[in-house]
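One structure below.
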Amino acid sequence: MILAPLAGMILNLMDASSETECSEQNDVVGVFASMDCPDTVLCGFQCLLEYNWAGSFRGDAYAPKLRQLEQLSALLMRRTESRQIERVKFEGDVDFNDSECCICYACEADAQFVPCSHTSCFGCISRHLLNCERCFFCNATVLEVVRTGLRKA
């Protein structure tokens, strides 16, 4: 099980961060919760928790680490859920502009890749197509760039 050594290192980091005075600066759970993929981390932890460790070890040496991994997983789930709730509250307060170019954030997204329909501003798309003929979002081959006319005169 290739994830086991990684989980051991993470648990040791968690132990070290809980014992120091600077635990806020060494918040292992906070780091995982703030990542773009906390669900992937949780899935890996679940895989480790569901694995039959009894056949891999003699005695019960693994039991304390499994309990610690269960606690870490539960803590990560709670922290991830609270961050998602905060994000939803924050997004509700902010006026999100869906027509803004997500590359430069300076222009309106007024051009669209064909066939994938991803959008960006014409300037960003034009610069990108000088070097590559693929969509920078999904890597599809770009057949055409269509101006969507969202730009205000």
field: Close pairs from the stretch 99-111: first assigned by TED's automatic domain parsing to the domain that holds residue 142 and in contact (Cβ under 8 Å) with a residue 40 or more places away in the chain, partner among the basic types (Lys, Arg) and assigned to a strand (DSSP E or B), Cβ under 7 Å, at least 6 apart
entry: 110/147
message: Looking at residue 43 and the list (1) under 21 Å from the mean Cα position of the chain (by Cα); (2) without any contact (Cβ under 8 Å) to a residue 40 or more places away in the chain; (3) buried (at least 17 other Cβ atoms within 10 Å of the Cβ), which single condition is not satisfied?
response: (3)
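The values are calculated or read from the model by the stated rules, or taken from the named source; none is laboratory data. Small disclaimer: the values here were computed from a predicted structure and weren't measured. We place every Cβ from the backbone using ideal geometry, glycine too, and count neighbours over all the protein chains shown.
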